[in-house]
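Let me begin by presenting the structure, written as structure tokens, before commenting on it.
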Amino acid sequence: MVKWLLLVLGFVPMLAQAADVGIPAVTVTTGENGETSYSVTIQILALMTMLTFLPAMVMMMTSFARIIIVFSILRQALGLQQTPSNQILIGIALFLTLFIMTPVLDKVYQDAVTPYLNEEIGVVAALEQASGPFRDFMLMQTRESDLDLFMRISDTPAVETPDEVPFTVLVPAFVTSELKTAFQIGFMLFIPFLIIDLVVASVLMAMGMMMLSPVIISLPFKIMLFVLVDGWALVIGTLAASFGL
């Protein structure tokens, strides 16, 4: 956890020092009447602007999207509208994302943050080194058909190696592949619960209880089945294995 915290904190001075001009972070100006005014420079503005993209980067460049979509489909398949709550699902998804992305973050820390903190490389080189592990991770999870689609839409010239694919093409292709994979996993999760709903509905229809909602009867059976097969461990294990862990 300390290493990940240092990873985040290590890039803050990198972004703040991205501009080579010697403009101070805050300019203090004293007026004629003795009043002091402070002006925020472009460096701080650029830093804060980039920090606003951090949540989008976490959702779109990591395993978070696939995990949270599968969890949402699983909750819908069980018939539980608000249990577990959105906060719990997002918390589980964040920590599972941290677990899956640990090798990537460790490589970024070793190749980019540590050399930069030791003043062995500059800001631009550190950012390039940091983008490498994320690029490799996204390329491993992206389908070639999705890459070809966005390469064709953006009129990007053909590349000889995957490393030459621009980020503007790789990120949307990665997100599209993640959505497709998440829905495939969700479909497989839906099948056993759908069978239970069909069986319960058929039994109620045969007994003439057409006014009784099948969901009320099938919900305990679905929860019992999910608990008996250790469903959470199976789902989380399947998600982790889907990323090659």
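The values are calculated or read from the model by the stated rules, or taken from the named source; none is laboratory data. Not measured: the values here are computed from a predicted model. Note: ideal-geometry Cβ built from the backbone for every residue, glycine included; neighbour counts use all protein chains shown. Accessible surface is based on the protein model in full, side chains and every heavy atom, while ligands, DNA and RNA are left aside. Shrake-Rupley method; radii C 1.70, N 1.55, O 1.52, S 1.80 Å.
Listed conditions (1) open to solvent by less than 70 Å² (accessible area, probe 1.4 Å); (2) assigned to a loop (DSSP other than H, G, I, E, B); (3) among the polar types (S, T, N, Q); (4) closer than 30 Å to LEU219 by Cα are all met by GLN82, apart from (1). Taken over the stretch 86-128, the criterion of being over 20 Å from PRO55 (Cα atoms) and hydroxyl-bearing (Ser, Thr, Tyr) is satisfied by THR114, TYR116. Restricting SER72, SER63, SER85 to residues that are more than 19 Å from PHE174 (Cα to Cα) and under 16 Å from the mean Cα position of the chain (by Cα) narrows the list to SER72. Listed by first and then second residue, the pairs with beta-carbon distance under 6 Å, at least 6 apart or on different chains, first residue in the stretch 96-108 and within 11 Å of SER131 (Cα to Cα) and free of Cβ contacts under 8 Å to residues at least 24 places away in the same chain, second open to solvent by 20 Å² or more (accessible area, probe 1.4 Å) and in a helix (DSSP H, G or I), form an empty list.
Checking the stretch 64-82 against the condition returns a match, with at least one residue being touching a Ser or Thr at 6+ places or on another chain (Cβ under 6 Å) and free of Cβ contacts under 8 Å to residues at least 40 places away in the same chain. When the stretch 143-165 is filtered for residues that are touching a helix residue (DSSP H, G or I) at 6+ places or on another chain (Cβ under 9 Å) and closer than 24 Å to TYR109 by Cα, the ones remaining, listed by number, are PRO162, ASP163, VAL165.
Taken over the stretch 138-156, residues that are touching a residue at least 60 places away in the same chain (Cβ under 8 Å) and touching a Leu at 6+ places or on another chain (Cβ under 8 Å) amount to 1. Only one entry in THR176, THR142 is polar (S, T, N, Q) and either at pLDDT below 85 or out of contact with any Ser or Thr (no Cβ under 6 Å at 6 or more places or on another chain) (or both), namely THR176.
The one condition from (1) touching a Pro at 6+ places or on another chain (Cβ under 6 Å); (2) on the phi > 0 side of the Ramachandran plot that VAL200 does not meet is (2).
Residues are listed down the side, and each one gets a yes or a no for (1) open to solvent by 40 Å² or more (accessible area, probe 1.4 Å); (2) closer than 30 Å to GLY231 by Cβ; (3) among the β-branched types (Val, Ile, Thr):
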position: ASN86; (1), (2), (3): yes, yes, no
position: THR97; (1), (2), (3): no, yes, yes
position: ASP155; (1), (2), (3): yes, no, no
position: GLU160; (1), (2), (3): yes, no, no
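Taken over the stretch 162-186, residues that are free of Cβ contacts under 8 Å to residues at least 40 places away in the same chain and open to solvent by 30 Å² or more (accessible area, probe 1.4 Å) amount to 10. Among the residues examined, VAL171 does not qualify as farther than 19 Å from MET60 by Cα and of a type in the set (A, V, I, L, M).
When PHE221 is tested against (1) touching a helix residue (DSSP H, G or I) at 6+ places or on another chain (Cβ under 9 Å); (2) open to solvent by less than 90 Å² (accessible area, probe 1.4 Å), just one condition goes unmet, and that condition is (2). Yes or no: the stretch 203-213 includes at least one residue that is open to solvent by 30 Å² or more (accessible area, probe 1.4 Å), of a type outside the set (Lys, Arg), within 27 Å of the chain's Cα centre (by Cα) and over 26 Å from GLN76 (Cα atoms). Within the stretch 203-213, none of the residues are open to solvent by 30 Å² or more (accessible area, probe 1.4 Å), of a type outside the set (Lys, Arg), within 27 Å of the chain's Cα centre (by Cα) and over 26 Å from GLN76 (Cα atoms).
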